[in-house]
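Comments concern the structure below.
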Amino acid sequence: MADERDPDVEYVLLNKRDAKVYKVPPAASASGHKASDWQEAIWRGNLRIVARGTELSIRLLDSSSGNLFAQCVIPDGLYEHYVERVVDSSRYWVLKIVNGPRHAFIGFGFSERNDAFDFNACLADFKATFIDKVHEAKAAEAMPTKDLSLKEGETIKVSLPGKGARRREVKAGYPAGLLAPPPATSTSVQARGPQEE
């Protein structure tokens, strides 16, 4: 199963306002970048995540003019190589911006946790929906198929419960599923006619 989406059509997956960009100092430790080391934001604007085929683009756009400030292009949806989460916050990341043979790292984040969650979920959903399923389909096509058909002379015996079994008698000659008559009462009630005066 190949990707059914047209590679020439762009799909907008996420739009968010109030995205912030920071100048990122070198990582202080091997564990990664810390947002607490970043100074004041150097840019504020809108974020748009766009998909084109299997390529994903994180675009940072000016909020008034819509002009492109920076773009992080992620081939094959492998965002782990281009978007790195900081170690001390769930709202900030380091983006790898590639321009030909050169690249730069910028800090990026949101003020609101909900916006950060939506951003992270959008990246993961794109990869799970469009990239991983395409790879799984290609792997399934490459696997040899097993022949599960019956060979000549082979038969299958299916035994269903209740088929061919005798019906069980419930009570005094009443077959299963039929109700027995109501029990007789010890006192009998006589029916009275209209009262006479």
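The values are calculated or read from the model by the stated rules, or taken from the named source; none is laboratory data. All values reported here derive from a predicted model rather than from experimental measurement. Counting neighbours? That spans all protein chains shown, and the Cβs are built from the backbone with ideal geometry, glycine included. We work out accessible area using only protein heavy atoms, side chains counted, and drop any ligands, DNA or RNA first. Shrake-Rupley method; radii C 1.70, N 1.55, O 1.52, S 1.80 Å.
Each Lys and Arg Cβ is given +1 and each Asp and Glu Cβ -1; about its Cα centre, region 1-128 then shows a dipole of about 460 debye.
When only DSSP loop residues count, what GluC sites (Glu not before Pro) in region 6-90 have their Cβ near at most 15 other Cβ atoms within 10 Å? Don't skip to the answer; put the middle values down first.
Details: sites: E10, E40, E55, E80, E84; in loops: E40.
Passing sites in region 6-90 are E40.
Ligands, DNA and RNA left out, the accessible area of region 24-88 computed with a 1.4 Å probe is 46% carbon and sulfur.
Over all directions, what mean area does the Cα convex hull of region 18-162 project, stated in square nanometres?
Details: hull surface 67.1 nm².
Taking a quarter of the hull surface, the average projection is 16.8 nm².
In this structure, the amide hydrogen of S63, modeled 1.01 Å from its nitrogen in the peptide plane, lies closer than 5 angstrom to those of N46, counting only residues at least 5 positions away or on a different chain.
Identify the trypsin sites (Lys or Arg not before Pro) of region 40-97 meeting these criteria: DSSP loop state and at most 14 other C-beta atoms within 10 Å of the C-beta.
Numbers: sites: R44, R48, R52, R59, R85, R91, K96; in loops: R91.
Listed in order of number, the matching sites amount to none.
Once backbone amide H atoms are built at 1.01 Å from N, V24 has G107 as its partners under 5 Å, excluding neighbours fewer than 5 places away on the same chain.
Subtracting the Cα-Cα distance of F117 and V98 from their residue separation scaled by 0.36 nm leaves 4.4 nm.
Between Y11 and I42, the distance separating the two model label sites (each 7 Å from Cα on the Cα→Cβ line) works out to 3.4 nm. So if R0 is 30 Å, what FRET efficiency would S90 and L68 give, r being the distance between their Cβ atoms, rounded to the nearest 0.05? About 0.65, to the nearest 0.05. The residues neighbouring E112, those whose beta-carbon lies less than 12 Å from its own, together hold a net charge of +2 under the Lys/Arg +1, Asp/Glu -1 convention. For region 149-156, the Karplus equation 6.51 cos²θ - 1.76 cosθ + 1.60, evaluated at θ = phi - 60°, returns couplings of 6, 6, 7, 4, x, 7, 10, 10 Hz by residue, with Gly and Pro reported as x.
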